[in-house]
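Colleague: Please see the structure below; I have some questions.
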Amino acid sequence: MTNTIPTFETERLILREIQESDIPAYHKNFVDYEVIRNLSAVVPWPYPDDGVKTFLKSLAPQLGKDRWTWGIFLKDAPDEIIGTVDLWRQGRPEHRGFWLARKHWGKGLMTEAVAPVMDYAFDELGFEVLVFANALGNVGSRRVKEKTGARLLGVKPAKFVDPNFTEHEVWELRKEEWKSRKR
């Protein structure tokens with residue numbers, strides 16, 4: 001793709017730029033209603049067969065400029081993408097989004113994955129505040145925010161793939177709060 005996305009390693013994970021060779025595993029792990037239902041209604045469902053390839057092509061011009069997208073890979077299975085973390089310069093209202101393959105839920109992997117992304121946002125990209133959002137009722141996503149020290153600002157109307165989700169929680173994390181948690 002563009003080679004503008006830095007690679008990060010954590011205890012269990014590698015976060016790196018997504019390659020065309022990652023498309024089959026991306027499709028296998030992402031195209032699952034239980035994963036997609038928690039995402040914004042801009043994500044189509046049913047998901048198109050060529051959706052991953054089309055989506056990744058649309059990202060290329062933005063990567064490293066006002067959007068950053070990392071594939072998440074287990075160190076012990078570095079050829080299979082199991083999720084992504086996105087970072088946007090312009091909030092929508094959120095600056096960060098993510099998904100993780102269902103078989104990896106509940107293991108603390110997303111909390112581990114977002115940490116170097118937040119370091120990068122604050123230390124290298126100059127963010128002072130990050131805003132996050134999740135479907136009201138998406139407990140796993142909520143826990144990532146809680147475990148990383150984000151503060152709940154409120155609940156607002158929003159649309160998701162799953163029409164039963166009609167509101168999202170909006171969270172904020174300030175650079176100084178993130179840095180003080182890491183000390």
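The values are calculated or read from the model by the stated rules, or taken from the named source; none is laboratory data. The model shown is predicted, which means the values in this text are computed figures rather than measured ones. With ideal geometry, Cβ positions are generated from the backbone for all residues, glycine too; neighbour counts draw on all protein chains shown. Side chains are part of the model used for accessible areas, which takes the heavy atoms of the whole protein and leaves out ligands, DNA and RNA. Shrake-Rupley method; radii C 1.70, N 1.55, O 1.52, S 1.80 Å.
Colleague: Can we say residue 11 is open to solvent by 90 Å² or more (accessible area, probe 1.4 Å), within 17 Å of residue 71 (Cβ to Cβ) and touching a helix residue (DSSP H, G or I) at 6+ places or on another chain (Cβ under 8 Å)?
Modeller: In short, no.
Colleague: Would you pick out the residues in the stretch 63-80 that are in a loop (DSSP other than H, G, I, E, B) and surrounded by 15 or more Cβ atoms within 10 Å (Cβ to Cβ)? So that I can check it myself, show each step before the final result.
Modeller: Residues of the stretch 63-80 that are in a loop (DSSP other than H, G, I, E, B), as a first pass: 64-66, 75-76.
Result: 64, single match.
Colleague: Select from the stretch 135-157 the residues that are open to solvent by less than 20 Å² (accessible area, probe 1.4 Å) and among the aliphatic types (A, V, I, L, M) and write down the one among them that is nearest to residue 113 (Cα to Cα).
Modeller: 144
Colleague: Consider residue 27 against the criteria (1) farther than 28 Å from residue 106 by Cβ; (2) of a type outside the set (Gly, Ala, Ser); (3) surrounded by fewer than 18 Cβ atoms within 10 Å (Cβ to Cβ): it satisfies all of them except one. Which criterion is unmet?
Modeller: The one condition residue 27 does not meet is (1).
Colleague: Checking the structure you have, find out if any residue of the stretch 38-53 is under 22 Å from residue 152 (Cβ atoms), not in a helix (DSSP H, G or I) and not aliphatic (A, V, I, L, M).
Modeller: yes
Colleague: Can you pull out the residues in the stretch 154-179 that are in a strand (DSSP E or B) and among the charged types (D, E, K, R)?
Modeller: 156, 167, 169, 172, 174
Colleague: What are the residues in the stretch 137-153 that are hydrophobic (A, V, I, L, M, F, W, C) and in a helix (DSSP H, G or I), if any?
Modeller: 139, 144
Colleague: Let me ask something else about it. Quick one: residue 132 ticks every box in (1) open to solvent by 50 Å² or more (accessible area, probe 1.4 Å); (2) closer than 18 Å to residue 116 by Cβ except a single one, so which number is it?
Modeller: (1)
Colleague: Would you confirm whether or not the stretch 81-101 contains a residue that is out of contact with any Phe, Trp or Tyr (no Cβ under 9 Å at 6 or more places or on another chain), modelled with pLDDT of 95 or more and open to solvent by 60 Å² or more (accessible area, probe 1.4 Å)?
Modeller: Taking every residue of the stretch 81-101 in turn, none turns out to be out of contact with any Phe, Trp or Tyr (no Cβ under 9 Å at 6 or more places or on another chain), modelled with pLDDT of 95 or more and open to solvent by 60 Å² or more (accessible area, probe 1.4 Å).
Colleague: When both residues are 6+ apart or on different chains and their Cβ atoms are under 6 Å apart, which pairs have a first residue that lies in the stretch 117-137 and is in contact (Cβ under 8 Å) with a residue 24 or more places away in the chain, and a second that is open to solvent by 30 Å² or more (accessible area, probe 1.4 Å) and assigned to a helix (DSSP H, G or I)?
Modeller: 122/175; 128/175; 134/142
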